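A.B. asks: Following this message is one structure expressed as structure tokens.
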Amino acid sequence: MSPKTTICLWFDREAEAAARFYAETFPDSAVTAVHRAPSDFPSGKAGDVLTVEFTVAGVPCLGLNGGPAFKHSEAFSFQIATEDQAETDRYWNAIVGNGGQESACGWCKDKWDLSWQITPRVLTEALAAGGEQARRAFEAMMTMRKIDVAAIEAARRG
């Protein structure tokens with residue numbers, strides 16, 4: 001049975017390539033089905049990949065090859081919680097190193113312009129603590145691209 005809620009992500013033409021990259025990069029991720037168009041459609045021909053069913057870190061998604069009409073923006077992002085610097089580096093480097101782009105405060109974009117927040121748990125815990133710990137951690141984060149776990153821990157301690 002398919003899930004009741006699925007995130008639909010619009011791609012120009014590369015939904016399958018994106019889904020396969022996510023499946024190789026993140027645990028609890030897989031491509032579960034590829035569906036081809038039964039006839040021609042505005043941005044493709046019969047037999048082209050139309051939709052791809054996949055999961056990213058346990059989240060059910062559908063990639064739709066809808067053509068160039070709509071673009072991804074930072075208004076939607078996947079946030080991936082990481083346990084340590086090694087895991088943070090692994091995901092960040094996979095995304096940025098595969099044609100992606102660094103942004104600020106733990107955000108990056110993949111080569112399909114989908115935004116990702118690679119967020120160490122020490123950062124979310126520091127912000128949740130409130131007070132001076134949160135302020136120091138937040139101010140440290142504001143200077144970073146990829147999150148530096150040791151720097152966040154040091155800022156939290158003061």
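A.B. asks: Could you give the length gained on full extension between residue 37 and residue 74, defined as 0.36 nm per residue of separation minus the Cα-Cα distance, in nm? Walk me through the intermediate numbers first.
C.D. replies: Details: separation 37, 0.36 × 37 = 13.32 nm, distance 2.91 nm.
Roughly 10.4 nm would be gained on extension.
A.B. asks: Would you kindly compute the Cα radius of gyration of the stretch 72-158 and its largest Cα-Cα separation (Dmax), both in Å?
C.D. replies: Cα only, the stretch 72-158: 12.8, 39 Å (Rg, Dmax).
A.B. asks: Restricting things to alpha carbons, find the Rg to Rh ratio for the stretch 26-107 using the Kirkwood radius for Rh.
C.D. replies: Details: Rg = 15.8 Å, Rh = 15.1 Å.
Across the stretch 26-107, the Cα-based Rg/Rh ratio is 1.04.
A.B. asks: Rank these for me by crowding, 72, 35, going from fewest to most other beta carbons within 10 Å.
C.D. replies: Numbers: 72 16, 35 13.
Listed from fewest to most nearby Cβ atoms, that is 35, 72.
A.B. asks: Determine the distance separating the Cα centre of the stretch 79-155 from the Cα centre of the stretch 18-42; give it in Å without decimals.
C.D. replies: About 27 Å separates the Cα centre of the stretch 79-155 from the one of the stretch 18-42.
A.B. asks: Quick one, what does Rg over Rh come out to for the chain if you take C-alpha atoms and the Kirkwood Rh?
C.D. replies: My calculation of the ratio gives 1.06.
A.B. asks: Antiparallel as a % of all DSSP beta bridges within the stretch 1-69, to the nearest 5? Walk me through the intermediate numbers first.
C.D. replies: On the way: 13 of 18 bridges.
Close to 70 percent.
A.B. asks: Using the 10 angstrom Cβ neighbour count as an exposure proxy, how do 110, 28 rank, fewest first?
C.D. replies: The most exposed by this proxy come first: 28, 110.
A.B. asks: What is the extension gain from residue 142 to residue 46, computed as 0.36 nm multiplied by their sequence separation minus the C-alpha to C-alpha distance, in nm to one decimal? Can you show the working numbers first?
C.D. replies: Numbers: separation 96, 0.36 × 96 = 34.56 nm, distance 4.78 nm.
My answer for the length gained is 29.8 nm.
A.B. asks: If you count the DSSP beta bridges with both ends in the chain, what percent of them are antiparallel, to the nearest 5? Each step should come with its number before you reach the end.
C.D. replies: Working: 18 of 29 bridges.
That works out to approximately 60 percent antiparallel.
A.B. asks: What list do you get for 111, 4, 146, 45 if you sort them by fewest beta carbons within 10 Å?
C.D. replies: Working: 111 16, 4 6, 146 21, 45 10.
Sorted ascending by nearby Cβ count, the order is 4, 45, 111, 146.
A.B. asks: With the radius of gyration and the Kirkwood radius both derived from the Cα set of the stretch 1-69, what is their ratio Rg to Rh? List each step's numbers first, then the result.
C.D. replies: Values: Rg = 11.9 Å, Rh = 12.1 Å.
Rg/Rh for the stretch 1-69 comes to 0.98.
A.B. asks: Continuing with the same structure: Please count, across the chain, the pairs of lysine residues with Cα atoms under 23 Å apart that sit 8 or more places apart or on different chains. Display every interim value, and only then the final one.
C.D. replies: Numbers: 45/71; 71/109; 71/111; 109/146; 111/146.
Step by step, the pairs that qualify in the chain add up to 5.
A.B. asks: Exposed loop sites here are chymotrypsin sites (Phe, Trp or Tyr not before Pro) in DSSP loop states with at most 14 other C-beta atoms within 10 Å. What is the longest stretch of the chain lacking them? Intermediate results must be reported in sequence, preceding the final value.
C.D. replies: Values: sites that count: 70, 76.
Formally, the longest exposed-site-free interval is 77-158.
Laboratory data are not the source of any read-out in this text; all were calculated from the coordinates shown. In this text the structure is predicted, and so the values were computed from the model without any measurement. A quick note on method: Cβ atoms are made from the backbone with ideal geometry, for glycine too, and the neighbour counts reach across all protein chains shown.
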